[in-house]
Amino acid sequence: MPTCKSWMKYSWEGHICENPPWEADPEGLCILHSLVPEKDKNAFDQALQAKLAGEDYDFREVYFPGPVSFAKQKFTGGHFLAAFSHFLIVGQAALFILAIRNRLGRRH
């Protein structure tokens with residue numbers, strides 16, 4: 001079964017997204033990694049929930065089609081990987097991100 005081609009597009013070594021390609025994506029990316037702005041929000045949410053249920057917190061190059069709240073999500077096990085752009089973090093999450101950045105020695 002074919003898988004998302006995000007690892008080829010972004011030159012990731014040692015990581016392959018196991019999701020199937022989304023039929024609306026011209027590059028063969030899954031619904032999570034697709035840059036197509038007109039994503040099916042329900043299909044995206046289902047794929048995101050499956051990712052979270054599997055304790056897969058690798059959000060590199062995930063393109064969120066709109067606001068998403070992780071307020072009630074518990075991140076257990078595994079590693080949280082993300083590269084953010086064009087985002088807004090509010091409330092306690094913002095304090096968490098600043099604490100992590102400070103711990104890593106990065107300025108905010």
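The numbers here are math on the coordinates, done by the rules we state, and not lab data. What you see is a predicted model, and the numbers here were worked out from it, not measured in a lab. FYI the Cβ positions are ideal-geometry reconstructions off the backbone, even for glycines, and counts take in every protein chain you see.
What the table below lists for this structure:
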quantity: Label-point separation, ILE16 to ASP45 (7 Å along Cα→Cβ), nm; calculated: 3.2 nm
quantity: Cross-link pairs LYS51/LYS74; LYS5/LYS72; LYS5/LYS74; LYS9/LYS72; LYS51/LYS72; LYS9/LYS39 - those with Cα-Cα distance over 21 Å; calculated: LYS5/LYS72; LYS5/LYS74; LYS9/LYS72
quantity: ³J(HN,Hα) computed for each position of the range 33-38 - Karplus, 6.51 cos²θ - 1.76 cosθ + 1.60, integer Hz, glycine/proline x; calculated: 8, 4, 8, 5, x, 8
quantity: Proxy reagent accessibility, fewest Cβ within 10 Å first, across SER11, SER6; calculated: SER11, SER6
